[in-house]
Amino acid sequence: PNTGNTESASLKSQAQEIQANLLSDPSIMAEIQNIMQDPEIRGVLSDPAFMRAIMSYNPDQIQQSEKTQYLLQNPKFQSLMEKIQKKLPSQPQ
């Protein structure tokens, strides 16, 4: 069986649930708006190929992008990710 599609669908559903949770949090929305003022980050997020990788919900494709690496090393983005992780339901180890 092709587990890739199931995994992708599950990830997509989780992402949508998380997105709804985050959009209702004013402090996270303020942080996102702050980040979007950064021209470099805005440039990364406006790259069509990068957005296709993100929207594929394919973890390999996302992790392999140099733009993902850039974001993960950006202090503003790291701060946002820390806030987001605190809001996520804790994952079983």
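The values are calculated or read from the model by the stated rules, or taken from the named source; none is laboratory data. All of these numbers come straight from a predicted model, not from anything done at the bench. All Cβ positions, even for glycine, are placed from backbone atoms using ideal geometry, and neighbour counts span all protein chains on display. Side chains are part of the model used for accessible areas, which takes the heavy atoms of the whole protein and leaves out ligands, DNA and RNA. Shrake-Rupley method; radii C 1.70, N 1.55, O 1.52, S 1.80 Å.
Dipole magnitude for the chain: about 120 debye, using +1 per Lys or Arg Cβ and -1 per Asp or Glu Cβ, origin at the Cα centre.
Based on the alpha-carbon set only, what is the convex hull volume of region 11-76 divided per residue, in Å³?
Enclosed volume per residue, from the Cα hull, is 85 Å³.
Rolling a 1.4 Å probe across the protein heavy atoms gives the chain an accessible surface of 73 Å² per residue.
So, counting K/R as plus one and D/E as minus one, what does the shell of residues with Cβ under 13 Å around Glu82 add up to? Please list the in-between numbers first.
Numbers: positive: Lys76, Lys83, Lys86, Lys87; negative: Glu31.
So the surrounding residues net to +3.
Entry note, the chain: relative contact order of 29 percent, from Cα contacts under 8 Å with a spacing of 6+ residues.
If the segment from Met51 to Ala20 were pulled out straight at 0.36 nm per residue, it would be longer than the present Cα-Cα gap by 9.3 nm. Specify which residue in the list Ser24, Ala9, Ile41 is farthest towards the positive end of the charge dipole of the chain, using unit charges on the beta carbon of Lys, Arg (+1) and Asp, Glu (-1), about the Cα centre. Sorting the options by dipole projection puts first Ser24. With a cut-off of 20 Å on the backbone N, the residues of region 63-80 near the modelled label site 7 Å out from Gln33 along Cα-Cβ are 76-80. Filter the chymotrypsin sites (Phe, Trp or Tyr not before Pro) in the chain down to the DSSP loop ones having no more than 13 other Cβ atoms within 10 Å, then list what survives. The qualifying sites: there are none.
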